[in-house]
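Since the structure comes first, as structure tokens, the remarks are kept for the end.
Just so it is clear, none of the values below were taken in a lab; they were calculated from the coordinates. Predicted, not measured: the structure shown is a model, and the values here were computed from it. Cβ sites come from the backbone with ideal geometry, for glycine too, and all protein chains shown count toward neighbours.
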Amino acid sequence: MADTRILVFAGSIRTGAYSGKLAAAAAKELAVAGADVTLVSLGDYPLPIYNADMEKHDGFPENAKKFARLIEAHQGVFIATPEYNHSLPPLLKNTIDWTSRPKLAAEIKVRGKVFAIGSSSDGLIGGARALIDLRKVLNTAYGAITIAEQISISKSGEAYDEHGNFVAEAPQKLMQTISRRLIEVAARLVP
Ligand SMILES: Cc1cc2nc3c(=O)[nH]c(=O)nc-3n(C[C@H](O)[C@H](O)[C@H](O)COP(=O)(O)O)c2cc1C
């Protein structure tokens, strides 16, 4: 049987982003768990802020189509997000907005995939409040199946060693559980 295809990306393109570190740790663990992993940066898919006039007059930006095709090509997705004002950041929301418009989704199959989500912050709550909104947005935008298990990395500045591995055992174990579950559900539900 072919390995389960999982797409991984972060909701920040900041140099040294904590969510980038979480995405990299997730990609590593998913690969160890047997997935065929694609790790990408939203920096490679820049998009204008969504404007319905733009969609109407110019159609979809090439990067919206490219990113939607990436989602289409995978069975599951892991998103690592920062928390902006207790929610998801505009970069991530805008990418989801563009790639979930009904006209695009009719052409490129972004719906019905399995998602796992994680957050990171230097604060004590680890960006967990952003996950409440991200889960809701994914369910609405992509008709996504989101697995229940999720991860929030608090004090992110101290959470990783120089190789990008978790310093503590608990997040490492949780990431292993999430990876196995994401692969299992994606393999079962998405062709
Ligand atoms: C506009 C804005 C809002 C923020 N709001 C929150 C917040 O609600 N909770 C939190 O823990 N951190 C918040 N932060 C701090 C971010 O968690 C921090 O900048 C983090 O490093 C950004 O994620 P990144 O490292 O993945 O780029 C905010 C930062 C910005 C720029």
Under-5 Å amide H pairs with F78, H placed in peptide plane, nonlocal only: L7, V8, F9, A116
Label zone at D122, where the point sits 7 Å out along the Cα-to-Cβ direction: region 152-168 residues whose backbone N lies under 11 Å: 155-158
Extent along principal axes [Cα atoms of region 1-90; Å; largest to smallest]: 45, 35, 21
Extension gain (nm, one decimal) between M54 and E169, 0.36 nm per residue minus Cα-Cα: 36.6 nm
Near-label residues of region 106-144 by backbone N, under 17 Å of a point 7 Å along Cα→Cβ of D97: 133-142
Filter on K66/K109; K113/K173; K93/K173; K65/K113; K66/K136 - keep pairs with C-alpha separation over 20 Å: K113/K173; K93/K173; K66/K136
Coordinate range along principal axes, alpha carbons of region 5-189, Å, largest first: 51, 35, 25
Euclidean distance between Cα centres, region 127-189 to region 1-53, Å: 12 Å
Point-to-point label distance, R69-V32, nm (Cα→Cβ direction, 7 Å offset): 3.4 nm
Approximate spin-label separation I132-D161, in nm, with each point projected 7 Å along Cα-to-Cβ: 3.6 nm
